[in-house]
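Heads up, the thing below is written out as structure tokens.
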Amino acid sequence: MVITKRSLVVGATAVVLTTVAVTGAGLHLSQSQAFFQESPKELVDEVWQIIDRQYVDATFNQVDWRSIRNEYLNREYSDKQDAYEAIREMLETLDDPYTRFMDPEEFKNMQIDTSGELTGVGIQIAQDEDTKKLVVISPIEDTPAFKAGILAKDIIVKIDGQSTEGMDVNDAVQLIRGKPGTEVTLTIQRDEEEIDYTITRARIEIHPVRYSYRSTPTGGIGYIRLNQFSAIAAEEMREAIKDLETQDVNGYILDLRSNPGGLLYSSIEIARMWLDKGKIVSTVNRQGSSNEEIVRRNRALTDKPLVVLVDGGSASASEILSGALQDNERATLVGTQTFGKGLVQSVRGLGDGSGLAVTIAKYLTPSGRDINKEGIPPDIVIELTEEQRKELQKDRTKIGTPDDPQYVKALDVLNQAIAEQPNDRASVQSP
């Protein structure tokens, strides 16, 4: 998920993954809060109006949106709950899992993640647009779900024995959530096998950046693992690069594997740390207008060779960053195809404390690639076997080590790039 700086909203325990551009209204609630509480029909109409003005597809996915308004405004609503159910029904006609309504509690739960702390099991999920199944985007590293063995692309078929068939993502979030110390059982379908995982919920503090100096035959290199684009990710990334530069590293491996995304401004700020110039990302709305984020007269923190590790769990903000580095020929991408989520959403608070996420645009890489559903292809493909994946997840200390085949390949590619550098750019040191 990606959001803008003006309003910090991302999923906590489990969310729909998408790119978000928060409207000027942000999370500030309307002064007419009491009015909406007393007039639920006005809330229904407010949601309809927002969709009518902002939705990415002017045909509303071939839905007669004006007749929808007449249908739902001709109803009588006894209370807010009636209105909430009607709004969800109305949005379902768009057949877009990323355009969704959140009641006040759900909306509040969306806002707890950007500080770097969350409560739950530590996964991010989406509803597959074709199958409508609940799919794990990625387990967040060093969380209960990660330690239990949940993998990217796993399908959640049951939550505490309750089938997820036809279940809304928000409903799944409410079932997966709970107090720290309590348990939830997720039944996972992986290939043809169904597996039960009983996971203890926890309060999780996340430091998105981990880094270390590594000795290699071509001298020292910096290894940086970025787990999430949270509010503190750019600051921690800047500190990591600056520290490694003082240690005279000759190149970098940036590990974005299983990074489900986060804040849009964070991905842009981090891209600027590696780029002196060039476009980072562009978004295209339903009028075809394009907004671009471009590096102008920027001084990157380093110009040393860079290899980026990606996989099927690298999504959204990870794809913005890896796509920008690849298209600007700043880095070589190693691993497997990324997840492929390139839809932009507007997220805003409504008058009664509820919230609405609306698909308003799609984002493109600097060369104009639309990555939605396609993902970013690596320059060098290195697949892991199921056994290798399970081994790395079972023992996370092996990630980014000689026991990690994708890291080994990335290191080979980086060492070759370092060796090809002019003498004034990189000096060979003894390991």
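The values are calculated or read from the model by the stated rules, or taken from the named source; none is laboratory data. Computed from a predicted structure; not experimentally measured. Counting neighbours? That spans all protein chains shown, and the Cβs are built from the backbone with ideal geometry, glycine included. Side chains included, ligands, DNA and RNA excluded: accessible areas come from the protein's heavy atoms. Shrake-Rupley method; radii C 1.70, N 1.55, O 1.52, S 1.80 Å.
Taking the condition in contact with a Leu (Cβ under 7 Å, 6 or more places away or on another chain) and in a loop (DSSP other than H, G, I, E, B), does Gly375 pass? It is false that Gly375 is in contact with a Leu (Cβ under 7 Å, 6 or more places away or on another chain) and in a loop (DSSP other than H, G, I, E, B).
Out of Ile241, Ile224, one residue alone is under 20 Å from Leu275 (Cβ atoms), in a helix (DSSP H, G or I) and open to solvent by less than 20 Å² (accessible area, probe 1.4 Å). It is Ile241.
Note on the stretch 22-118: enclosed helices (runs of 4 or more DSSP H) holding 2 or more residues that are at pLDDT 80 or above and open to solvent by less than 20 Å² (accessible area, probe 1.4 Å) are 40-54, 65-73, 80-92, 104-109. Taking the conditions (1) closer than 25 Å to Pro144 by Cα; (2) modelled with pLDDT of 90 or more; (3) of a type in the set (A, V, I, L, M) in turn, Val381 satisfies each one other than (1). In summary, Thr385 fulfils each of the numbered conditions (1) farther than 28 Å from Trp48 by Cβ; (2) touching a residue at least 24 places away in the same chain (Cβ under 8 Å) with the single exception of condition (2).
Of all strands (runs of 3 or more DSSP E) completely enclosed by the stretch 262-314, which ones contain at least 3 residues that are open to solvent by less than 50 Å² (accessible area, probe 1.4 Å)? Because the criterion is at least 3 residues that are open to solvent by less than 50 Å² (accessible area, probe 1.4 Å), the strands (runs of 3 or more DSSP E) in the stretch 262-314 that meet it are 278-285, 306-310. Exactly one residue out of Glu386, Glu374 is under 17 Å from Asp311 (Cα atoms), more than 22 Å from the chain's Cα centre (by Cα) and of a type in the set (Asp, Glu): that is Glu386.
If you scan the stretch 119-145, which residues turn out to be among the charged types (D, E, K, R) and on the phi > 0 side of the Ramachandran plot? Scanning the stretch 119-145 gives Lys132, Asp142. Glu205 passes every criterion in (1) acidic (Asp, Glu); (2) farther than 28 Å from Pro97 by Cα; (3) without any contact (Cβ under 8 Å) to a residue 24 or more places away in the chain apart from (3).
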